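So the structure is just underneath, and the comments pick up after that.
The values are calculated or read from the model by the stated rules, or taken from the named source; none is laboratory data. Remember, it's a predicted structure, so these values are computed and weren't measured experimentally. When we count neighbours, we look across all protein chains shown, and the Cβ atoms used for this are built from the backbone with ideal geometry, even at glycine. For the accessible areas, the whole protein counts, side chains as well, though only heavy atoms, and no ligand, DNA or RNA atoms are used. Shrake-Rupley method; radii C 1.70, N 1.55, O 1.52, S 1.80 Å.
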Amino acid sequence: MTILGIESSCDETAAAVYGPGGLRSNVIASQSIHELYGGVVPELASRAHQRTIWATVDQAISEAGCTIGDIEAVAVANGPGLMGALLVGLCFAKGFALRQGIPLIGVNHMDAHIYANFIDETPRYPFLGLVVSGGHTQIVLVEAPMQHTILGRTRDDAAGEAFDKIGKILGLPYPAGPVMDRLSQLGDPHFHRFPQALMNEGLDFSYSGLKTSALYHLQGIPDDEREEYLNDHLNDLCASISHAITEVLVKKLKRAFNQYPVDTIVLAGGVSANSMLRRKTEGLARRHDLKLHIPKIEYCTDNAAMIAVTGYIKAGLGQFDDMSLKPFASQNR
Ligand code: KG4
Ligand code: ZN
């Protein structure tokens, strides 16, 4: 089946076409307006989706070298995400499916991050997924296509949220994750020891204490020395914070495969673009003889290729939806 995938859960309006031969197009319209506010403003995101969705879909279909009539099903992210933003993609997808008389497939955005690994590779089931994004941090056992069990999740902030919020404290622009990644490559990860929460407890995560600790650390520097301190040590602070965030992720992943023996692990979500996390996970996989899959950078952060490929897998399982498909804001529905 040739599937049109649509993604509008947060601040990227994206459309892609995936078919039996693989990915045929992948178009993303990013919303830069949120940089002004240091975070995503939901109403502005919805309005921007509304403005760009037609052009984005149109471009995806033409770059795939096909016409609207060649699309055989529409897959759309229907949650978790911002309600107004999701509604734009979902309403568009329903209208498209109705107009063309083709099936609709609702895709869970977090599941789609995992299946981004299937765009270029074919991970073997069962596998463990470390799914790390701006809104979620999860360890997921995937036993078969679309059969997922969440083994651990964050109790407060997500890993990407920690990067973004601590970056903001350090004066970095939004989203701070990629900037911290770049700066941390020039710094000393052992410059300061930031807390690594819940290290000896299960598979859940907690990052809000790290954020507070970073804030207190900076407040501990006298006002008239803070600017100079940041000038001298911004790279070291970024590296130390990245170290604290990624150590917990990798140790919990190790604990997970000790409890649920699998021979394959996958990384997913925006934070899987992080160079320190990728390096540490590669080391873990090598030491324990595990097969590791990490998506290409462009499939780590939000995109529609991951929605289209998940739609393709769901279509293969006969998992279609009808016009009663609803959006949901939170993974817990
Ligand atoms: O998956 P994603 O695009 O959106 C959500 O579903 O949330 O993830 C976005 C998150 C942001 O918090 C961003 O700062 C983070 O991923 N991120 C990174 C990197 N690239 C994106 N964090 C650390 N290092 C990176 N290279
Ligand atoms: Zn995402």
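Enumerate the helices (runs of 4 or more DSSP H) found wholly within the range 235-333, keeping only those where 1 or more residues are among the acidic types (D, E) and without any contact (Cβ under 8 Å) to a residue 24 or more places away in the chain.
Passing ranges, in order: 275-287.
Among the residues of the range 137-177, those identified as open to solvent by less than 50 Å² (accessible area, probe 1.4 Å), within 16 Å of ligand 2 (Cβ to nearest atom) and touching a strand residue (DSSP E or B) at 6+ places or on another chain (Cβ under 7 Å) are T137, Q138, V140, T154, A158, A159, G160. Taking (1) crowded, with 23+ Cβ neighbours inside 10 Å; (2) assigned by TED's automatic domain parsing to the domain that holds I245; (3) within 15 Å of ligand 1 (Cβ to nearest atom) in turn, M110 satisfies each apart from (2).
Any residue at all in the range 202-220 that's open to solvent by 60 Å² or more (accessible area, probe 1.4 Å), within 15 Å of ligand 1 (Cβ to nearest atom) and among the aliphatic types (A, V, I, L, M)? For the range 202-220, residues open to solvent by 60 Å² or more (accessible area, probe 1.4 Å), within 15 Å of ligand 1 (Cβ to nearest atom) and among the aliphatic types (A, V, I, L, M): absent.
Residue-wise test of (1) within 16 Å of ligand 1 (Cβ to nearest atom); (2) over 30 Å from P173 (Cβ atoms); (3) in contact (Cβ under 8 Å) with a residue 40 or more places away in the chain; (4) open to solvent by less than 40 Å² (accessible area, probe 1.4 Å).
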residue	(1), (2), (3), (4)
I3	no, yes, yes, yes
R24	no, yes, yes, no
S32	yes, no, no, no
I53	no, no, yes, yes
E72	no, yes, yes, no
V76	yes, yes, yes, yes
A85	yes, no, yes, yes
I102	no, yes, no, yes
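Could you please let me know if T301 is within 16 Å of ligand 2 (Cβ to nearest atom) and buried (at least 20 other Cβ atoms within 10 Å of the Cβ)? So T301 passes the test. The set of residues from the range 252-268 being more than 12 Å from V131 (Cα to Cα) and not charged (D, E, K, R) comprises A256, F257, N258, Q259, Y260, P261, V262, T264. Annotation note: Cβ proximity below 6 Å between a residue of the range 123-149 that is touching a residue at least 40 places away in the same chain (Cβ under 8 Å) and more than 16 Å from ligand 1 (Cβ to nearest atom) and a residue that is assigned to a loop (DSSP other than H, G, I, E, B) and among the basic types (K, R) (sequence gap 6+ or interchain) occurs for no pair. Apart from one condition, Y174 fits all of (1) over 18 Å from V250 (Cβ atoms); (2) at pLDDT 95 or above; (3) among the aromatic types (F, W, Y); the exception is (2). Between V266, V250, V271, V262, the distinction of being touching a strand residue (DSSP E or B) at 6+ places or on another chain (Cβ under 6 Å) and away from ligand 2 (no atom under 16 Å from the Cβ) belongs to V262 only. Cβ separations smaller than 7 Å between residues 6+ apart or across chains give the following pairs from the range 164-179 residues that are in contact (Cβ under 8 Å) with a residue 12 or more places away in the chain to residues that are surrounded by fewer than 20 Cβ atoms within 10 Å (Cβ to Cβ) and part of a loop (DSSP other than H, G, I, E, B): D164/Y174; K168/G38; K168/Y174; Y174/G38; Y174/G39; V179/P173. In the range 13-32, the count of residues that are part of a helix (DSSP H, G or I) and out of contact with any Pro (no Cβ under 8 Å at 6 or more places or on another chain) is one or more.
All of (1) open to solvent by 30 Å² or more (accessible area, probe 1.4 Å); (2) within 20 Å of A75 (Cα to Cα); (3) part of a loop (DSSP other than H, G, I, E, B) hold for V40 with one exception: (2). Going through L249, L277, L267, L253 one at a time, which residue ends up being in the same structural domain as P195 (by TED's automatic domain parsing), more than 13 Å from ligand 1 (Cβ to nearest atom) and crowded, with 16+ Cβ neighbours inside 10 Å? Being in the same structural domain as P195 (by TED's automatic domain parsing), more than 13 Å from ligand 1 (Cβ to nearest atom) and crowded, with 16+ Cβ neighbours inside 10 Å holds for just one of L249, L277, L267, L253, which is L253.
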